[in-house]
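Scroll down for the structure; my scribbles are underneath it.
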Amino acid sequence: MIKKLKLFFKEMFFIFNVKKSVKIGLYGPPNGGKTTLANKICEDWIGEEMGVASSVPHETREVKIKESVVIKSRGRELKFNLVDTPGISTKIDYEDFLSHKLDVKEAKQRAKEATKGVIDAIKWLDNMDCVLVVLDSTKNPYSQVNITIIGNLAARDIPVLIVANKIDLKRSDIKKIEAAFPQYPVIGISATKGNNIEDFYEEVFKLVKRR
């Protein structure tokens, strides 16, 4: 009887907390698929996109919020505010944009906006209840950028789920990501094709419970 009461109050506590505008942030390096995943979540549950995804680095240069997103899994509902942040970089050089057919003036402006976006994204960490770190699973996870992101999250003791994106590509290697960050759960998905997306939503429920 006592165990049942404890379980009941635990579930009630979780439901009560969920109603208090939980903020889930999307973080990661540029072009990992943060905005693509944000769009997938929003399209699945509210029928609209969140932002513009592009192959050009730092397409998202401002923090964007979609409020009152409600997802469902196994008969449960989870309501939260989804926060898409600019890609984190340790170095932003305007010359990197020139190869994407931007002229010098546009490239310098984008670099300036991207730098501000990175600063804003780090500041927003203090407002996050949970974070989804979106990584390109075809790339080496042992990068300075990824270590910087994980270090900032660990310092703030924020619950983290690492999303290994682009598992539909041949070079995808989730095991490398798991080995790089064994302290956090890792879920492999394809935000573009929707591969493993139901398991991803289940992991989001677990993530919020850990906060």
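The numbers here are math on the coordinates, done by the rules we state, and not lab data. These numbers come from a predicted model, not from an experiment. Reconstructed Cβ throughout: ideal geometry from the backbone, glycine too, with neighbour counts over all protein chains shown.
When a/c is below 1.5 the answer is rounded, else prolate if a/b is larger than b/c, else oblate, so apply that to region 150-211 with a ≥ b ≥ c taken from the square roots of the Cα gyration tensor eigenvalues. Provide the component values of the computation, followed by the final result.
Values: a/c = 2.61, a/b = 1.38, b/c = 1.89.
The shape class here is oblate.
From the phi of every residue in region 163-172, what ³J(HN,Hα) in whole Hz does the Karplus formula 6.51 cos²θ - 1.76 cosθ + 1.60 yield, where θ is phi - 60° and glycine or proline is x?
Karplus-based 3J(HN,Hα) across region 163-172 equals 9, 7, 8, 6, 6, 6, 8, 4, 7, 4 Hz.
Taking the radius of gyration and the Kirkwood hydrodynamic radius from Cα positions alone, what is the Rg/Rh ratio for region 90-211, to two decimal places?
Working: Rg = 16.2 Å, Rh = 16.0 Å.
Expressed as Rg/Rh, it is 1.01.
Using the 10 angstrom Cβ neighbour count as an exposure proxy, how do L169, L132 rank, fewest first? Present the calculation step by step, with values, prior to reporting the outcome.
Numbers: L169 13, L132 26.
Ranked by crowding around the Cβ, least crowded first: L169, L132.
Quick one: which residues, 5 or more positions from Y27 or on another chain, have an amide H under 5 Å from its amide H? H modelled 1.01 Å from N in the peptide plane, none for Pro or chain starts.
Distant-sequence amide H within range of Y27: L132, V133, V134.
Would you mind ranking R211, R110 by Cβ crowding within 10 Å, fewest neighbours first?
By the 10 Å Cβ count, ascending, the order reads R211, R110.
Do any of K40/K175; K108/K176; K79/K166 go past 32 Å between their Cα atoms, and which? Don't skip to the answer; put the middle values down first.
Working: K40/K175 24 Å; K108/K176 35 Å; K79/K166 26 Å.
Listed pairs above 32 Å: K108/K176.
Identify the trypsin sites (Lys or Arg not before Pro) of region 124-192 meeting these criteria: DSSP loop state and at most 15 other C-beta atoms within 10 Å of the C-beta. Working shown, then result.
Numbers: sites: K139, R156, K166, K170, R171, K175, K176; in loops: K139, K166, K170, R171.
When the trypsin sites (Lys or Arg not before Pro) of region 124-192 are filtered for loop state and at most 15 Cβ neighbours within 10 Å, K170, R171 remain.
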